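What follows is a short report on a single structure.
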Amino acid sequence: MPDYKAPLRDIRFTLNELLDMPQHYAALPGAEDATSELIDAILEEGAKFAENELAPLNRVGDTEGCRWEEGEVITPTGFKEAYAKFVEGGWPSLAHDPELGGQGLPESLGIVINEMVGSANWSWSMYPGLSHGAMNTIEQHGTDEQKQTYLTKLIDGSWTGTMCLTEPHCGTDLGLLRTKAEPAEDGSYRISGTKIFISAGEHDMAENIVHIVLARLPDAPAGTKGISLFIVPKFNLNADGSLGERNAVACGSLEHKMGIHGNATCVMNFDAARGFLIGPPNKGLNCMFTFMNTARLGTALQGLAHAEVGFQGSLAYARERLQMRALNGPAAPEKPADPIIVHPDVRRMLLTQKAFAEGGRALIYYAAQLVDKTKHASEEEKAQAETLLALLTPIAKAFLTEVGFESANLGLQCFGGHGYIAEWGMEQNVRDSRISMLYEGTTGIQALDLLGRKVLMSQGETLKAFTKIVHKFCKEQEGDSAMAPFVAPLAKLNKEWGELTMQIGMKAMQNRDEVGAASVDYLMYSGYVVLGYFWARSAKLAQQALAAGSDETAFYQAKLATADFYFKRLLPRTQTLAVTMTAGAESLMQLDDEAFAF
């Protein structure tokens, strides 16, 4: 198994140099306590917990999996004990309201800790990870009583949360869901139905589990306009808030999965379970998007995590594995062969993983910075941040999980045949990463959301909010010859991005299938351009540090070399995507449905 080490130097570069988080926190109302000294201390302790407590359990979770026994789920060895230490360390409460038991630190700092925890052990991280969405949903839409009853326990970590959307007959199309909510005389509801693919739906790590459930009221309109949102606890509560009898919700079975074996993916049966309405009746889908947006950024983080783990594992192996000689002559003549890191194709694979991991980190931390602003900044800044998040969330979720899976595969490939063997841990990284492109909305769904809803329905205004930022950066570099290799292609793509959008939009006015035909290629194109922006900024900072005589020459030279690789080897993928996204829907739709079989 690869030994995970939190990449603290690059995390600090992204936080302090690229995004200037210290200045961001100083200007953010309520974030005054987030000093550089405190942040450093939190990062160090988070790294220790991830490396020492969670990473050793990663393979344990994969080999043991979870056990189902008469509706109860037993998690792998060590998971429960690690969660107790997680709670004892105060990690669940880090970025929540002090009035409800939180520590009041910014959401972006919580994202950084989530990266380290998830990279060390993604299966384990999903148990507290699902709670964040539940907390945000109750905090934004719950009553004061619901916040005191449920949110305080979720924040202190003694309870965990889930999201219950998917049913056996419907996944993304939630308008088809059948779970019912019958009003009871005491003002509560009786929830009945079956939900599937519920991550962390049942386990032995916390006292109680708070399910956030979509269901229909008896008089609800058909489709998505008739969905309401409910809190359904595993255990009902007594009048004094203590745990009472078991609610009528149970895990019917565990799914047998390709990966993330350490996390319980449950079939949950609600048999007239007692639940409580959150938000207005028939507006549950609107409320659930609070949860979904949190989960989508969390899943983007999974793409980063698997790229980072693949990179760390394959880099260590490439430095030690001896195979053949360097093409230009022996690099290690004292050894029987050279380490494979000298070979150009191995370096291509390593640099691809490094570029996606570090570029993905920049994108996610930037999105987290925007989340901070949506909660604490002025109304004007809040509106700007919400517009940018609307554009970047589907890109981050879909693009980073796609390239995270690519990176995990490249990590395995660096090992050759050994990568296919379980003991090295790289095949687990591939299997664990595959789900990230499916849950919280597949790549295709995110692409439709991006192109159809976020970009075209806003007449391109949402896109312009970001392209203006890129344009401004490029204009500021005019006259800097060292930045020309980065700025020239970036400025060209930034302009082309708008032109392609208009071209697709014009076609879609005649045939709506044009949106679906272009959407995934459009999203991937967008992702490469967005990462190109962050790599160009990183290159600028590296050049400045080297010119100033930094004593971390190796770090900044590596940053600059990776930026150069990204622009020469990865960003050109946009050229193909520009062709395919504008190829039209005809080549996809001309084959008769029945003719597929011939």
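Here are the numbers for this structure:
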{"quantity": "Residues being part of a helix (DSSP H, G or I), surrounded by 13 or more Cβ atoms within 10 Å (Cβ to Cβ) and of a type in the set (Ser, Thr, Tyr) - total across the stretch 568-598", "calculated": "2"}
{"quantity": "Filter result (touching a strand residue (DSSP E or B) at 6+ places or on another chain (Cβ under 6 Å) and modelled with pLDDT under 95) within the stretch 122-132", "calculated": "Leu130, Ser131"}
{"quantity": "Candidate set: the stretch 300-353, residues that are in contact with a helix residue (DSSP H, G or I) (Cβ under 6 Å, 6 or more places away or on another chain) and of a type in the set (D, E, K, R); chosen: the one farthest from Gly129 (Cα to Cα)", "calculated": "Arg321"}
{"quantity": "Selection from the stretch 328-353 of residues that are touching a Lys or Arg at 6+ places or on another chain (Cβ under 7 Å), buried (at least 18 other Cβ atoms within 10 Å of the Cβ) and farther than 19 Å from Ala408 by Cα", "calculated": "Asp338, Pro339"}
{"quantity": "Unique match (being in contact (Cβ under 8 Å) with a residue 12 or more places away in the chain, within 27 Å of Arg59 (Cα to Cα), surrounded by fewer than 23 Cβ atoms within 10 Å (Cβ to Cβ) and among the β-branched types (Val, Ile, Thr)) among Thr462, Thr442, Thr387, Thr467", "calculated": "Thr442"}
{"quantity": "Extreme residue, nearest to Val87 (Cα to Cα), among residues of the stretch 157-178 that are at pLDDT 95 or above and part of a loop (DSSP other than H, G, I, E, B)", "calculated": "Gly157"}
{"quantity": "Answer from Tyr528, Tyr533, Tyr556, Tyr522 - the residue that is of a type in the set (Phe, Trp, Tyr) and more than 25 Å from the chain's Cα centre (by Cα)", "calculated": "Tyr556"}
{"quantity": "Any pair with Cβ under 6 angstrom, 6 or more apart, that starts in the stretch 445-457 at a residue that is in contact (Cβ under 8 Å) with a residue 40 or more places away in the chain and ends at one that is part of a helix (DSSP H, G or I) and among the small types (Gly, Ala, Ser)", "calculated": "Gln446/Ala398; Ala447/Ser519; Leu448/Ser519; Leu451/Ser519; Lys454/Ala390; Leu456/Gly505"}
{"quantity": "Residues located in the stretch 373-417, provided they are polar (S, T, N, Q) and under 19 Å from Thr467 (Cα atoms)", "calculated": "Gln384, Thr387, Thr393"}
{"quantity": "Whichever residue in the stretch 441-478 is not aliphatic (A, V, I, L, M) and not in a helix (DSSP H, G or I) and, among such residues, is nearest to Arg296 (Cα to Cα)", "calculated": "Gly441"}
{"quantity": "Every pair of residues 6+ apart whose Cβ atoms lie under 6 Å, when the first sits in the stretch 51-69 and is touching a residue at least 12 places away in the same chain (Cβ under 8 Å) while the second is in a helix (DSSP H, G or I) and among the polar types (S, T, N, Q)", "calculated": "Gly61/Ser123; Asp62/Gln428"}
{"quantity": "Every residue from the stretch 18-39 that is within 25 Å of Trp535 (Cα to Cα), part of a helix (DSSP H, G or I) and either without any contact (Cβ under 8 Å) to a residue 12 or more places away in the chain or among the polar types (S, T, N, Q) (or both)", "calculated": "Gln23, Ser36"}
{"quantity": "Qualifying residue in the stretch 258-265 (condition: within 25 Å of Glu70 (Cα to Cα), among the hydroxyl-bearing types (Ser, Thr, Tyr), assigned to a strand (DSSP E or B) and in contact (Cβ under 8 Å) with a residue 12 or more places away in the chain)", "calculated": "yes"}
{"quantity": "Number of positions in the stretch 40-72 that are in contact with a Leu (Cβ under 7 Å, 6 or more places away or on another chain) and either surrounded by fewer than 17 Cβ atoms within 10 Å (Cβ to Cβ) or closer than 18 Å to Lys257 by Cβ (or both)", "calculated": "2"}
{"quantity": "From Ala383, Ala368, Ala355, residue being under 14 Å from the mean Cα position of the chain (by Cα) and in a helix (DSSP H, G or I)", "calculated": "Ala368"}
{"quantity": "Residue tally, condition farther than 16 Å from Phe230 by Cβ and touching a residue at least 40 places away in the same chain (Cβ under 8 Å), over the stretch 160-202", "calculated": "8"}
{"quantity": "Thr149 vs. criteria farther than 23 Å from Leu43 by Cα, at pLDDT 95 or above, surrounded by fewer than 19 Cβ atoms within 10 Å (Cβ to Cβ) and not hydrophobic (A, V, I, L, M, F, W, C)", "calculated": "yes"}
{"quantity": "Pairs, first buried (at least 17 other Cβ atoms within 10 Å of the Cβ) and at pLDDT 95 or above in the stretch 397-423, second hydroxyl-bearing (Ser, Thr, Tyr) and not in a helix (DSSP H, G or I), C-beta under 9 Å, six or more apart", "calculated": "Ala398/Thr442"}
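The values are calculated or read from the model by the stated rules, or taken from the named source; none is laboratory data. Owing to the predicted nature of the structure, the values given are computational and were not obtained by experimental measurement. As a convention, Cβ positions derive from the backbone with ideal geometry for all residues, glycine included, and neighbour counts pool all protein chains shown.
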